[in-house]
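Reviewing the structure listed below.
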Amino acid sequence: MSRTIKPPEGELKGEFNRAILNAIDKHRILIFCAASDQGQSADLSYPHGSSNQCFRIGAAKATGNILETVGDSHNIDFILPGHEVVIDTNEMKTQLEKFEAHSGSSVANGLATGLAALVIECVRLGAIYTRELKRLEPKVAFDYYHSSIYEEDLKNIQERAQMAYALNWIGTDSNTNNKYIEVWKTFSGLSEKLSRSEGVPLQQLEQVAKLAAFFLKKGMQ
């Protein structure tokens, strides 16, 4: 869930705080909150102001350096691209003029939320791979990676500490105090492996399961 608002006032503040704690503790909802872009002043934005169990995301330049406008930059969990971000794919290049570049921590926060959703999906597919592997004849299954990812792990990856571990494992830039997530270090290699396994679903699931195992601290070093 991606959300950032001004601090609520009066009775609404108590109600909001209870709702956030209920979402996190009872429903295992991961909440991502964009940092304020009002410069180096105290950032009181909610829901991070309600609970430090929310991830606080800041915007970075293409170099990986945090934008100067990000408030409370020392209190950021992660930073992602958030400066002049524009849709730029092969399919869209002919229509690129229709899209404007966007900047700000809200852009980075959207990317962080999408990345977290991708991590969760990898774990879900890893659990499917484990189930499908058990259906194979032992002599056939022997040639595949033996996954130990189960449906219970879907709950585990939705814990803040486990998601923070997974996002760090993807790869961060040490020059940014390990805040800038270098997504390409992990997913570009996976993309190539999936392309080579096109048409063989179980082999593709195998590659995703291997990655998901690392997110869960179950991968081989």
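The values are calculated or read from the model by the stated rules, or taken from the named source; none is laboratory data. Owing to the predicted nature of the structure, the values given are computational and were not obtained by experimental measurement. We place every Cβ from the backbone using ideal geometry, glycine too, and count neighbours over all the protein chains shown.
Taking residues in region 2-27 that are closer than 21 Å to residue 58 by Cα, and partners anywhere that are assigned to a loop (DSSP other than H, G, I, E, B) and among the aliphatic types (A, V, I, L, M), the pairs with Cβ atoms closer than 6 Å and at least 6 places apart or on different chains are 7/44.
Of 159, 182, all but one fail to be modelled with pLDDT of 85 or more, under 20 Å from residue 28 (Cα atoms) and not hydrophobic (A, V, I, L, M, F, W, C); the exception is 159. The one condition from (1) under 22 Å from residue 57 (Cβ atoms); (2) surrounded by 15 or more Cβ atoms within 10 Å (Cβ to Cβ); (3) not small (Gly, Ala, Ser) that residue 178 does not meet is (2).
Scan region 169-186 for residues that are touching a residue at least 24 places away in the same chain (Cβ under 8 Å), in a helix (DSSP H, G or I) and either out of contact with any strand residue (DSSP E or B) (no Cβ under 9 Å at 6 or more places or on another chain) or among the charged types (D, E, K, R) (or both) and the total you get is 3.
Does residue 119 count as crowded, with 17+ Cβ neighbours inside 10 Å, at pLDDT below 95 and either over 18 Å from the mean Cα position of the chain (by Cα) or closer than 25 Å to residue 48 by Cβ (or both)? Even if it seems obvious, please write down each step before you answer.
Details: crowded, with 17+ Cβ neighbours inside 10 Å: yes; at pLDDT below 95: no; either over 18 Å from the mean Cα position of the chain (by Cα) or closer than 25 Å to residue 48 by Cβ (or both): yes.
Considered against the rule, which asks whether it is crowded, with 17+ Cβ neighbours inside 10 Å, at pLDDT below 95 and either over 18 Å from the mean Cα position of the chain (by Cα) or closer than 25 Å to residue 48 by Cβ (or both), residue 119 comes out as no.
All conditions in (1) over 24 Å from residue 30 (Cβ atoms); (2) surrounded by 12 or more Cβ atoms within 10 Å (Cβ to Cβ) hold for residue 200, with the sole exception of (2). Just one of (1) farther than 18 Å from residue 125 by Cα; (2) not in a helix (DSSP H, G or I); (3) not hydroxyl-bearing (Ser, Thr, Tyr) fails for residue 158. It is (1). Residues of region 28-39 that are within 30 Å of residue 61 (Cβ to Cβ) and not acidic (Asp, Glu): 30, 31, 32, 33, 34, 35, 36, 38, 39.
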